[in-house]
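Below you'll find the structure, written out as structure tokens, and then a few comments.
The values are calculated or read from the model by the stated rules, or taken from the named source; none is laboratory data. Nothing here was measured: the structure is a model prediction, and the numbers come from that model. Ideal geometry is used to build each Cβ from the backbone, glycine not excepted, and the neighbour counts take in all protein chains shown.
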Amino acid sequence: MSNVHLRFVHACWHVGGAALVAVMSLVLLTPSAGAATTGNDGLSVQTICFTVHNMGDPLPSTLYGLRYIYGHPKDSTPAIVLVHGIASSTANWDFTPSWSVARRLAREGFVVISYDRLGFAKSHYDRPKGGDLLLITNQRDMLHQLVGEVKSGNYTISRGNDCSAPQVPSNLANSTVVIIGHSAGGAIVQGYAGEYHDVAAMVQANYSNQGSGAVVQQQITNVVAPALAAGDDYVPFFTNGQQCVQFNIYPPGAMERVVRIACDPENFVLTPAGEFTGFPALEQENNQFIKTTGKIPVLLTYGDHDAAFPPSTAQADYHYWITNCPSCDVTEWYEPNSGHLFMAHKSMPPWVHEVVSWLASRGISPMLGCVRWRYHSSSHQL
């Protein structure tokens, strides 16, 4: 385990010693409501639950999530919602306590929320042939419902490790929300801003709406299509660790211990069939909604050695954005020495730094009182 510490990066303005002490006390507090895991550095991780409706279903469903915070952030603190992709879950944002996108963003002062999309992992969808009903276009609508609950505070904190335990109301209503999507999650957020216009910024990671690499079609042909033909409504995307590595990892830049977690078949997550059958419609929507994004800032991040969405497709994606939405505020950035799953590469900390810096340049930067906190690790070892 690497040595971990917190230090001040810079003062946001000059203050007296008393004010500084007050801030230092504030960030060490933890919420009292609900069950929480709190680390030695004051980071609190809570199980949270959202109520959503899958389009066409009159019955509500529950989404399982995790909330990462320091102390008692205010309603004015920006919230970041993390949206996972195919065959994954909240775990991809938080592989270990010392190698975690969610925790690093929270240590920058944001309220960070990750969730299992409906039908994935702990967000069960108990309907006959329910996986067929969970179209990926519906997932964007449910993200909209979740964003609304984050902004209103109308979600709950569970006293247990899932949403079957007793719950209490949330103590936050964050009016500023940023959405970040990876892979198929990137496809979901890509057209989100242009459809709903209710977020402060959007970050798309490792996805292109203008084509994909051969490894994507290989997995669909060899694994997904046979399962769909057999009538399965929840299907695998990988059948072994080697496929996972080939799809996700660029070995020269990989964090080997994280790769072993990410590509352990015991950790594979089944994907609702509607994720695949609904994808053509989502891509068509994205091409339209990109054009109506407006002034909401967009950051597009791509892996420079991503086999699933190679640089040629990334360049085409960026070109589509700037051509079809010339008034949009769009920035592109390439994750260095990274494959598709950037969270399992050494590029993850630079990615977090780039996202935080970019958000700050757009006026979205949480300041915990008078100082900005930054998480530092003495090495990349876990």
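What the table below lists for this structure:
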| item | result |
| --- | --- |
| One residue from 280, 311 being under 21 Å from residue 88 (Cα atoms) and more than 18 Å from the chain's Cα centre (by Cα) | 280 |
| Among residues of the stretch 193-215, those that are buried (at least 17 other Cβ atoms within 10 Å of the Cβ) and closer than 23 Å to residue 311 by Cα, counted | 12 |
| Residue match in the stretch 38-59 (condition: within 14 Å of the chain's Cα centre (by Cα) and either closer than 19 Å to residue 180 by Cβ or crowded, with 23+ Cβ neighbours inside 10 Å (or both)) | no |
| Conditions (1) among the small types (Gly, Ala, Ser); (2) modelled with pLDDT under 95; (3) surrounded by 15 or more Cβ atoms within 10 Å (Cβ to Cβ); (4) in contact with a helix residue (DSSP H, G or I) (Cβ under 9 Å, 6 or more places away or on another chain): number failed by residue 87 | (2) |
| Selection within the stretch 180-192 - of a type in the set (A, V, I, L, M, F, W, C) and either surrounded by fewer than 22 Cβ atoms within 10 Å (Cβ to Cβ) or closer than 21 Å to residue 359 by Cβ (or both) | 180, 188, 189 |
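Residues are listed down the side, and each one gets a yes or a no for (1) within 24 Å of residue 355 (Cβ to Cβ); (2) touching a helix residue (DSSP H, G or I) at 6+ places or on another chain (Cβ under 8 Å):
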| position | (1), (2) |
| --- | --- |
| 280 | no, no |
| 291 | no, yes |
| 294 | yes, yes |
| 306 | yes, yes |
